[in-house]
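Asker: Following this message is one structure expressed as structure tokens.
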Amino acid sequence: MQQRTATATTPAALSAAGDAADPRWWGPPLAATLLAPVLSCAAAAAGGLFTALPVFLAAGFLLPLAVVAPGWFLARTVRRRRARVRLAVTGCALAAVYPLLLAQVAWMYVVVMLLTGNVRA
């Protein structure tokens, strides 16, 4: 009777390797937490949205941080690193796009209201 040892190709070995502690788990969430508000401010300033309706820009700061927040609480293993990176990238992309998306939705709303005759002078 010969015992088999787990090699690097067996699912058990891959599972054990994926469950190893990730020493740099904090990198993606920290970078996104710092970068998201900066990207949101830059996009809002580029679009000139600070003077228009700054109240609506609050979601541009809060939504990206809400997307990044779960990355701080995921298991700190190598297997969850990809999820933390995806959350960080999604949060930063949302921060960069939200103010411009808000302006486009507002313009589309105005155009639709004009075309349907719902605007009265």
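The values are calculated or read from the model by the stated rules, or taken from the named source; none is laboratory data. Since we're looking at a predicted model, the values are computed, not measured. Note that we place each Cβ from the backbone using ideal geometry, even for glycine, and neighbour counts take in every protein chain shown. Quick note on the areas: whole protein, heavy atoms, side chains included, nothing else; ligands and nucleic acids left out. Shrake-Rupley method; radii C 1.70, N 1.55, O 1.52, S 1.80 Å.
Asker: Let me know the Kirkwood hydrodynamic radius for the range 52-121, please, with Cα pairs as the basis and the value in Å to one decimal.
Answerer: 14.3
Asker: Output wanted: per-residue J couplings in Hz (rounded whole) for the range 64-76, from phi through Karplus 6.51 cos²θ - 1.76 cosθ + 1.60, θ = phi - 60°, x for Gly and Pro.
Answerer: Per residue, the Karplus-derived 3J(HN,Hα) values read x, 5, 5, 6, 6, 3, x, x, 6, 9, 5, 4, 8 Hz.
Asker: Here's something else I'd like to know. Would you mind telling me the share, in percent, of accessible area of the range 19-91 contributed by carbon and sulfur at probe 1.4 angstrom?
Answerer: 73
Asker: Shifting gears a bit: Would you pull out the residues with amide H under 5 Å of W26's amide H, same chain only if 5 or more places away, H placed 1.01 Å from N?
Answerer: none
Asker: Then there's this: Would you work out which of P23, V111, A69 lies farthest towards the positive end of the dipole of the range 23-121? Charges go on Cβ: Lys and Arg +1, Asp and Glu -1.
Answerer: P23
Asker: For M108 and T77 in the same chain, what is the full-extension length gain: residue separation times 0.36 nm, less their Cα-Cα distance, in nm?
Answerer: 6.7 nm is the gain from fully extending M108 to T77.
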